[in-house]
1. As an exercise, take the mean of 1/r over every pair of distinct alpha carbons in the stretch 1-119, invert it, and state the Kirkwood radius in angstroms.
2. Please report the carbon-and-sulfur percent of the accessible area for the stretch 1-145; probe 1.4 Å, protein heavy atoms only, DNA, RNA and ligands left out.
3. Using a Gaussian network model of the chain with C-alpha springs under 10 Å, which one of ALA82, ALA143, ALA52 is most mobile by mean-square fluctuation?
4. Charges only on Cβ, +1 for Lys and Arg, -1 for Asp and Glu: so what's the dipole of the chain about the Cα centre, in debye to the nearest 20?
5. Which of these, LYS56, LYS144, LYS68, has the largest mean-square fluctuation under a Gaussian network model of the chain (Cα springs below 10 Å)?
6. Assigning unit charges at the beta carbon (Lys, Arg +1; Asp, Glu -1) and nothing else, what dipole magnitude in debye, to the nearest 20, does the stretch 69-160 show about its Cα centre?
7. Report relative contact order for the stretch 31-160 in percent, whole number only (criteria: Cα-Cα under 8 Å, sequence separation at least 6).
8. Using a Cα-Cα cut-off of under 22 Å, which lysines could be cross-linked to LYS56, ignoring same-chain neighbours fewer than 8 residues away?
Amino acid sequence: MNNIEFELVKLLKENNMTVSTAESCTGGLIGSSIVNVPGCSAVFNQGFITYANDAKIKYLGVDCETIKNYGVVSDEVVTQMALGCARESNSDVAIVTSGIAGPDGGTDTKPVGLVWMAVYICGQVYSKKNIYKGNRTQVREQAKDEAIEYALEKLRLHIN
C-alpha cells in the first residue's frame, strides 16, 4: 500500500469531502486502495466498475454517441464518466479510468498501455492520458497509482 491513499483520505477528511470512483481498466483497484485506509468510511461513498460500454452508459450516463465518435478510451468518455460518477454518488470528488491494459486491443492510434484518467472536484473535471509499459497487471497498477496521485494533486490545488 502506498502513502498516497492515506494522504488522499486525510485531505478529504480535513476538508469534509467525499470521493467515489468509476473504473474500467483498473477494475476496482482505485476503490480497493482507498478502502485499505482505516477510517475511509468517513469519505468513500461508492465505487463503480463499469468495464463494459453498456455499464458506462447505464450507470454513469455516458452518451453512446460519445463512445461511438471518440472511442471508450478517450478524454471525452472519461470526462463524462467523472461527471456521471460524481452525480450518481453525490460525491465532491470522483476518480475515473479507462484504458487498454493488454495484451490485446491496441491499435496504432490507441496502443496497449494507453490510459485516460479524469478527476472531478466540485464541478470541475481534469483529465490526462498516459501510456504505460509492462504487462496487464503492471499497466493496471501504474494507472491506479497515477490516478490517485493525480486526484491528490488536483485536490491540493483546489483546496489551496
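The values are calculated or read from the model by the stated rules, or taken from the named source; none is laboratory data. Just so it is clear, the model here is predicted, and its values are computed rather than measured. Heads up, the Cβs are rebuilt from the backbone with ideal geometry, glycines too, and the neighbour counts pull from every protein chain shown. These accessible areas exclude ligands, DNA and RNA; they are computed on the full protein's heavy atoms, side chains included. Shrake-Rupley method; radii C 1.70, N 1.55, O 1.52, S 1.80 Å.
1. The Cα-based Kirkwood calculation yields 14.5 Å.
2. Of all accessible area on the stretch 1-145, carbon and sulfur atoms account for 47 percent.
3. Taking springs between Cα atoms under 10 Å, the residue moving most is ALA52.
4. For the chain, the charge dipole is close to 60 debye.
5. Among LYS56, LYS144, LYS68, the largest GNM mean-square fluctuation belongs to LYS68.
6. With only Lys, Arg, Asp and Glu charged at Cβ, the dipole is about 80 debye.
7. 18
8. Within the straight-line cut-off, LYS56 pairs with LYS68, LYS110, LYS128, LYS129, LYS144.
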